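To keep things clear, I will list the structure first and then write my remarks on it.
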Amino acid sequence: MTHVVSARIQLPARWLLLALALAVPLFTSARTDHKMDAREQFERAVRMRTTLEGTPQKERSFVDYRATVSAYHKVYLISAQAEEVTPSLIAEAELYEEMGRLFDPKYFQSAIDSYNFLLKQYPGSRFREQALYSIGLVQKDGLHQPDVAEATLKDYIKRFPKSDLASDARVALKDIAETREKAKAQALAQAQAQAQAQALAQAQAQAKLQAQAKIQAVAAAEAFPELKGKVVEQAESDNGTPRVMDLKTWNTENSARIVVTLSDTIAFNAARIAAPDRVYFDLHRAKLTPDIAKKNWEVKDGLLKSLRLGQNKDGVVRVVLDVNGARDFSGYLLANPYRLVIEVRAKPVASSAGNELAAAATHAASPVTPAPSATAKNANAEAGDADSKPRAVAGETVSVSAESKPAAAAKTAVSGAAATAAKSKADTTKSAALVPPTESKPTRDGQRSLTRALGLKISRIVIDPGHGGHDTGTIGQHGLMEKDLCLDVALRLGREIEEKLPGAEVIYTRKDDTFIPLEERTAIANDAKADLFISVHANSSHDAAARGIETYYLNFATSEESMEVASRENALAQSSLHDLQDIIKKIARNEKVEESKELASDIQDSLTHRLQLVSQDERNRGVKKAPFVVLIGANMPSVLSEISFISNPSDEKLLRKTDQRQRVADGLYRGIASYLDSLNSLSYDKSKLVSANRPSGGGSATVASDGNPK
């Protein structure tokens, strides 16, 4: 009986093992089918997104966005292990960002959730850098959480210090810091305005007392005729209106100083106006002496072009400075004697005006005396001892309260307090340790070229849109011409450089449909003394399925394929066989080859990464070398970027869309920025001229009919 029971137990077990063995290949086949289904679903989602982005933004509907997001999310639901899952999550998050901007800010959090899901579930994904960086930007610009965004971006730089996006992350952190400082400055300005209003009220009360004193003096003179002369003299001296006594200028190519001598302390504000570029200072409760009012002011050649001084209206003296090319200006008051010192500079000062204003606000509350030995140091103060001087205003409206002479003996106006505080601060920080400048990074090969060893910087970039005019370049199957595509991408790239790197100057070899010979393009860059040369082209192949990105630098080709590309791009070159020897010499002695290779590598990596977010089929075809005529003879690092294959119908269709062209331009920009960062040559100088007749710093400007300040 026991044996029978055992047989009954063993028989089902054997059948179970057999069933499991037969099921293994079926399960493997099912997994393969799922991955194929995921691949097809990803391609379907990409087509939906391409169609969506090809639609004008105003015509895109919320339903279309939801459907496209669902299409990408379905890739993960079909097979969580498919290689298309991570780019699908990136695309899903990017679409949520757009929905946050277009429809409802709540979708910004959905975007962050998608990026975090990728980081948590796929920690080894090549998109993890993009995901973490994007989270920081959404927190900063979408959710307006600067503190949270700052922590995320700092974590990103710490984890991926050499990433292509590290420089952009630093820019974002700098922007957060500047925004925070502006908020502090605005709060301080409000406090300063309140202090000014209180001081003005005190001044008005004092003026009222002085008027009453004058009335009493006149009455006393009538009552006592023998004291009339002395009484009237005293009444006039107590009138309390400060006078402009004198004006002196010191002018050089890089800076200018104007010293206005006054009979008493004043309140003033300053602003800047463009077209023509000029700065004006309004001195409130001030009058010109008759001699000063009639005088014409001549200035020596330098940054300051001309100067005008006049009674703008009753109680306001205006000083107008023509300062074409100046980047920064400031003004502050000194005592013993009273004077307003105005400084104009070709370059902005590095110190923060906000800190000095804070010092002024802190010390203005308590009585202070003028700086010691101020009278003895007048000559040095006016002749150029700028290091010891406070700056109460740096291109913004700042007012200093006027006080009567008795009150001034007890305490200075707000700017006088700021002057003393800032001077004290300067005295205590002169011995601060110097911070060594950031060095340029070595190349990818670990070398330091002469450019890096000398710390040379990049400021002028020439962008060369390929072909033009009768030279159409490659024409796609659906009629897209390479010359039109290259021009559009080049102009977009130039705008992005100008917007994000204001310190860089952009020059184009062409800005319209004009034919420029290949040899002339490099000559344009050399004549402009350019620091970089970027030539934009689109690739072509007899194989319509060929896809991908290539970036070339000048050298002798090492592959037949590179020679074929060079032959096609050099088709309209003007050189003859007689020039061959000279051409070979120019290529052989090109001392910029290492920097050109480095620039090509940065552009290749960045552009490929950017376009692969849309299509996984975009191949990274690598950095190559070839003898392109358009690069021969360049005196600066120069590259030629083949941004995509226009001969590929799918790529041609994508390149017809403005979104794809912007992605190409963005990829090129990121590569250039990465290269500049390796040279420690990024510039984030964002100072701008105020638009015509619009004063900076919130002050109001009175403008005559001819556009000049009255």
TODO: Excluding L283 itself, calculate the net charge of residues whose Cβ lies under 12 Å from the Cβ of L283, where each Lys or Arg counts +1 and each Asp or Glu counts -1.
DONE: +4
Open item on the list: Given the whole protein assembly as supplied and a 1.4 Å probe, what does the accessible area of R66 come to in Å², nearest 10?
Closed with: 90
Open item on the list: Please report the equivalent ellipsoid semi-axes of segment 54-185, computed as sqrt(5 x eigenvalue) of the Cα gyration tensor, largest first, in whole Å.
Closed with: 27, 20, 11
- [ ] Just add up the charged neighbours of R610: K/R +1, D/E -1, any other residue whose Cβ is under 11 Å from the Cβ of R610.
- [x] -2
Open item on the list: Sorting check: for 459-468, 158-167, 531-540, which peptide has the highest mean count of neighbouring beta carbons within 10 Å, and how do the rest follow?
Closed with: 531-540, 459-468, 158-167
Open item on the list: Probe radius 1.4 Å, ligands and nucleic acids ignored: give me the carbon and sulfur share of the accessible area of segment 236-296 as a rounded percent.
Closed with: 47
Task: Which listed pairs, of K248/K295; K597/K624; K592/K625; K511/K592, have C-alpha distances above 19 Å, in listed order - done: K511/K592
- [ ] Please give the peptides 648-656, 521-529 ranked by average Cβ packing (other Cβ atoms within 10 Å per residue), highest first, as a rough proxy for protection.
- [x] 648-656, 521-529
Open item on the list: How much accessible area per residue does segment 262-354 have, counting only protein heavy atoms and a probe of 1.4 Å, in square angstrom?
Closed with: 40
- [ ] Please list Y338, Y675 in order of solvent-accessible area, largest first, computed with a 1.4 Å probe with all protein chains present.
- [x] Y338, Y675
Open item on the list: Net charge around D659, counting only other residues with Cβ within less than 10 Å of its Cβ (Lys, Arg = +1; Asp, Glu = -1)?
Closed with: +3
Task: Accessible carbon and sulfur surface of segment 137-195 relative to its total accessible area, %, 1.4 Å - done: 55
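The values are calculated or read from the model by the stated rules, or taken from the named source; none is laboratory data. In this text the structure is predicted, and so the values were computed from the model without any measurement. Cβ atoms come from the backbone with ideal geometry, glycine included; neighbour counts cover every protein chain shown. These area figures cover heavy atoms from the full protein model, side chains too; ligands, DNA and RNA do not enter into them. Shrake-Rupley method; radii C 1.70, N 1.55, O 1.52, S 1.80 Å.
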